[in-house]
1. Under a point spin-label approximation (7 Å from Cα along Cα-to-Cβ), what is the A:THR90-D:PHE407 distance to one decimal in nm?
2. Name the residue farthest towards the positive end of the dipole of chain D from the options D:LEU59, D:THR487, D:ILE245, assuming +1 on Cβ of Lys and Arg, -1 on Cβ of Asp and Glu, about the Cα centre.
3. Among D:PHE183, D:PHE211, D:PHE339, rank each residue by its count of other Cβ atoms within 10 Å, from fewest to most, as a rough exposure measure.
4. In sequence order, what are the phi-derived ³J(HN,Hα) couplings for the stretch D:128-144 according to the Karplus relation 6.51 cos²θ - 1.76 cosθ + 1.60 with θ = phi - 60°, rounded to whole Hz, with x for glycine and proline?
5. Using Cα pairs closer than 8 Å and at least 6 residues apart in sequence, work out the relative contact order for the stretch D:377-493, in percent.
6. By its C-alpha gyration tensor, with a ≥ b ≥ c as the square roots of the eigenvalues, how is chain C shaped: rounded for a/c under 1.5, else prolate for a/b larger than b/c, else oblate?
7. Decide, for the stretch A:6-91, between rounded, prolate and oblate: order the square roots of the alpha carbon gyration tensor eigenvalues as a ≥ b ≥ c, take rounded if a/c falls under 1.5, and otherwise choose prolate if a/b is larger than b/c, else oblate.
8. Trypsin sites (Lys or Arg not before Pro), restricted to the stretch C:1-61: which are DSSP loop and have at most 11 other Cβ atoms within 10 Å?
Amino acid sequence: MSTVPLTHILFVSTALFFTGMYGLFTRRNMITMLMSIELILNSVNINFVAFNKYLFPQKMDGIFFSIFIVTIAAAEAAVAIAIIINLYRTHKSIDVDDATELKW
Amino acid sequence: MDTSAIIFYAISAFTLAMGLMAVTSSKIFRSAIWLLLSLVGIAALYFWMQVEFIAAIQIIVYVGGIVVLIIFSIFLTQQAGTKMPKALLRRTIGSALAAFFGLAFSFNLINHYGFKSTGSQHFNASVSDVGTQMLSTTEHGYILPFEVVSMLLLSAMIGCIVIAIKPPQEHAEKIGTKPENVSSPEPEEEKVTENISEPLITTEV
Amino acid sequence: MNYQEYLLPVLLLPITCFLILGLFGKKYLKNASGVIGTISMLAVTLISVLVAGRYFFTDGKVNGVYQQIVAYKYNWLAFSPTMSIDMGAIVDPISMMMIVVVSFISLMVHIFSLGYMKGEERFATYYAYLSLFTFSMLGLVLSSNIFQIYIFWELVGVSSFLLIGFYYNKPSAIAAAKKAFIVTRFADFGFSIGILVLSFYGGTLDFNTLIQRLTSTQSGEYVNITTASFLGISMLTWGLSLVFIGGAGKSAMFPLHIWLPDAMEGPTPVSALIHAATMVVAGVYLVARLFPVFSIDASALQIVTWVGAISALIAAIIACTQTDIKRVLAYSTMSQIGYMMFALGISRYGGENGLGYTASLFHLFTHAFFKSLLFLGAGVIIHFVHSNDLKDMGGLRKLMPVTHIAFLIACLAIAGVPPFAGFFSKEEILTASFHSNKLIYVIALFTAMLTAFYMFRLYFSIFWRKEASVHETHHADGTTSMKIPLIILMICSVGAGFVPFTKMVTTDGAPLETHMDILFSLVPIVLVLLAIFAAARIYKKENGSADKLAATFGSFYKAATKKFYVDEIYLFITRKVIFNLIGRPAAWIDKNIIDAFVNGVAATTRSVSGYIKGLQSGKVQTYALYFFSGIAGLAVLFIYLWK
Amino acid sequence: MNLTLLIVVPFLTAIAILFCKGLKQVRTISLAGAVLQLATVIFLLVAYQQQASGDGHFLFESNVMWFKPLNINYHVGVDGISLAMIMLTALVVLAGTLVSWNTERLNKEFFFLLALLSTGAYGFFISLDLFTMFFFLEVAVVPKFLLIGIWGSGKKEYSAMKLALMLMGGSALVFIGLTGIYFHTNTFDIVQIAGMQIPLVVQKTFFPFAFIGFGIFTALFPFHTWVPDGHSSAPTAASMFLAGISMKLGGYGCLRVATYLMPDAAHSYSWIIILLATIAIIYGAFATMMQTDLKYINAYSSVSHCGFVLLGIGMLTKTSVNGAVLQMVSHGLMTALFFAAIGMIYSRTHTRQVAQLGGLLKVTPFISTVFIIAGLCSLGLPGFSGFVAEMTVFMGSWQNPDGWYRFATILACASIVVTAVYILRATGKSIMGPLHVTHNQLTDATWNEKLAAGVLITGIVIMGLAPFLITKLITPSTDVIMNKVLTIVTIQK
């Protein structure tokens, strides 16, 4: 565990972050966009835990941070899905390009 | 290259692969499953970092809760098997380029930033320590954020219910049996609440 | 004698008469307006004769030389401490002579118009305009400041515009009035530039100081006006020739004469007053007023001489071919004024060689009488025959005896037959031109012959040629009010010659001794009689000889009747060049380029905003992409580029 | 004599108009307001004559702190030039109110906006603080847009929009100029700034902003396109105000702000100003010849006449600046009279096309004589104000020894011929000539139109016959400006 340097873990989390970002940009389905957001949030959690473990071992702030992030992510996912369902009811489709009323 | 490094590399390769598959697969249900597996991979990573409590939370909340929720919403909104429409080629290339640029940029930054540890002694994040610090009101206590988060979860729940609830008149149409005659002596407030959103004009037929 | 007390009423009476008749004439004193106008003009004439007499015979002459007295001077508009327009009056030989001529002729026309314009619907306005004209002419003659003369110059131009355009429902009258005003306006433009030049170098606008400064050779102003030059011509010549252009425009000299024949559209008494005696001689008066300055600049005098000579010659030739009685008289006026101009041109300053100056003014004096007589006579004829054309006239001598005699005497006078006024003044012009410039003398002789020819062509074809075709013969001669002026002017045309002019009006004020050289004056008399005899033979009886004569000259005759196509050239210039090549493009440029530029700016802003609007496409993912690229950009900027 | 009274009276009339009902009340109150204003102005004139010590400094000054941090204060005062301008505004406002005596549509708002516009103009002319001046300039711009947009004719929305935008653009440039001056003298007070010596490079940068900004108000050549459209689609009273007063705001601004405060730049840029002014004069005159609509003719001739104002200011000699001020006053009266006459003709014959008019002299003699007087005045006939102003400008510009400026003066003089051509063409075709059968039973001028024309004609004739009255008023004040400019010029030469 000690031989794996912090940077490698950060590489992994950044890679995960940008995969989530790619998903957010290209997926046309709102639910898949939600999934990519979940991926992004998880990569952030990894970062927090890694920093806490490698840089501030005597404290546990990083861990508490990731705990709270997880709770908020859950709330956020719930609200997002409620919106998606509502959107589905009005637009009969959850393709993101159909919901463009909020334009000029 | 001792065994834990190997384990780490395996887990991270697995997670990244699952993540990539979740983002690029064409069937929506299948991508949900890839997401689930990648979250499990992340939980394994936590285990590798000996923060078992976080790993447990990860599995319970993320894998158990959110992904299941997502799968529910998939079934609610459409047949799982349909192929999702491919995004425009121009957009995919653009976002791929953006992602790679971001990746390269942060790699470069991470390499150049010299992380140096401050603390010396051994890191242990046992569940009891986490629990005591979570609720302690002393200097590093997290009691206040803990309460605030609970308030947040409550409001999120109420919010979801309000958003997702079906508006009453659809409810009324579904019933659709009770005739509305003008002269009916029904008590005022009952009728009023009944078609509050319906314009009064319709009653004077 | 306090001249201010007398000269102010001379000016104020006509202007008050104009205001009264103009404002109240139409409704209240409809037919009384004629009498009011005439009475006021009678008063003005009496006062001016009194003043002139007093000046010429009692207190004008100081040790043998006529002094110049400045009656009054009020500061009207001060441009700068040294330069200001002052309203003043000069009392000197030429101004006194002019106020007498102007007021007298105006009185005659007032009396004549009582009868001639009786039935006119705008009778009061007609008399109002006449008083306005007389006021501005008297003001012009008396003015002591070069800008003041310009002011009255323009007022004279406007009143002639109003009078020519009196029958305003005739489009031809309006066109003529417009043409007259615009041509004189163009000349006034030259005049104003001339004033600017002279006043800048002379440092003042007042005539006396200007003349005194520019004529004393060692004065600073004289030095820098002659040294400064533009395009090789000294500023003095520029100034003087520009001022002369102003005079030439008003006196219908050669290039700017096109408005005079058309000005005949106005009522005939108006032509008698304006286009015979007063307005057209304003140019001569102006040159006479600035004569000391003109005399020091030879090239300016050359211009004056040759413009005068050419106008005299051309006008005489055209007059021989015209068929409209008033056009003939108009061209004859132009020719006679040409005479006066070149007489001034050939004259020098001071003593003996100032004869040209005196001759020219003497001719102006006599010409006023017989030319207005001719016009009034023509008025009576037109009134009776109801047409201007010579072909409808003939054998009228029995029907209108008074007009016949008056017309005959006037023709003899203008031709220069000895006992009449024309002979004396023309004689002096011929002697002056003989002494100074032989070529001018020859032209003068030839023009005198032509004058006699066309005047008697006119006389014979009106009063002789064939029996009167018009039958009703009652008061052909017009009412008494039309006869009185004819008789008075007839007497003047005879008497005017004997006025001792050379003693009164000379360049330097000192009387001039002239001797009548019989031998010398024989030549013109013989030529004139020859011309009269030729005219009689051709036009006395109805025979084809007139057309035969016309045929001999062929195309030259046709060109002359067409007024040498000068009108067409002007029309071409104004229509084609000014309207199409400058006016229309100016309006087009304004609409299509500058306006389009402004609208273009508005259009581009609208299209740009249309494009920017497109960015808010409502597609969430594009927003995310912009968002990310924004962050990436800022990150790169702050980490790498920001030093 | 408190100068703020000059602003309070029109403003109170505006407020009072809002409270009355029906056309009769509205017009009587606005007429009363205009007459009262004229009385105060005459009283001010008399008081000024007594107190004026001949050195042309500002009198009746009052100074109230408005906004401490930016050192803006409501500083008002009056000298010869602003007094002449105020007289002009009073006359034109009175005439304008009288001419629009029976406007049916929304008459209350119409008279309210007229009163507001006059308040703006009065405020502009008496303010000695650059910011207050700018404030009143803006107050004057808004009513114009509404007046043309609502009560106008023809393509009124387009012209109202164009006019408002260009004037707003102009005032934006002016504001840049003002702030430029402010940041180098950190005071908005004209009297103080005039005392200071602003560095040349600053003057050179901010003078064009101020001059072009104000120039747009006075139809400076390339920015004059709002004048024809704006004037011709405006209602009679609005076009009288527009041409009579608002074009003078620009001229006054150019003189007081641009030339007085930044003389070096004025001197170095004078050749551009003269070039543009001469183009405006000649180009305006020729363009007018081609117009067929009476209002377009008068609008384009205003472009040409305002060119004289800018020429006078550009030449920077004492007489030419005097001439510029005289031309502002005379053109104000003359063009207001011309628009009034055209308005009267239009209200009777409902056409402004010269071709369709004819022989009005027989049917409506009074209006035709008013039209002829306006025409003769604008072509510079002596006895009317046009001649006095134009000749002073020519005399002044000729004193500038530069060869090219002489050529410009000659061109400007040539314009009096072109002016004569288009004026006579217009009068000849529409007033004289054969009468159109449709127009044979027109009614002549009513009492209010006669009074309006009378007011303006007395102004024109008094200035034409007795110019020494107004030059005695103006010369000391222009000398103050020109002494400052000439001291700079002599140093540089």
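Read the figures in this text as sums done on the coordinates, not as results from a lab. All figures in this text were calculated on a predicted structure; none of them were measured in a lab. Reconstructed Cβ throughout: ideal geometry from the backbone, glycine too, with neighbour counts over all protein chains shown.
1. 7.2 nm
2. My answer, from the dipole projection, is D:ILE245.
3. The most exposed by this proxy come first: D:PHE183, D:PHE211, D:PHE339.
4. Result, ordered by residue: 10, 10, 3, 6, 4, 4, 5, 4, 6, 4, 5, 4, 7, 6, 4, x, 4 Hz.
5. Once divided by the residue count of the stretch D:377-493, the mean separation gives 35 percent.
6. In terms of gyration-tensor shape, prolate.
7. Oblate shape, in that a/c is at least 1.5 and b/c is the bigger or equal ratio.
8. Filter output for the stretch C:1-61: C:LYS27.
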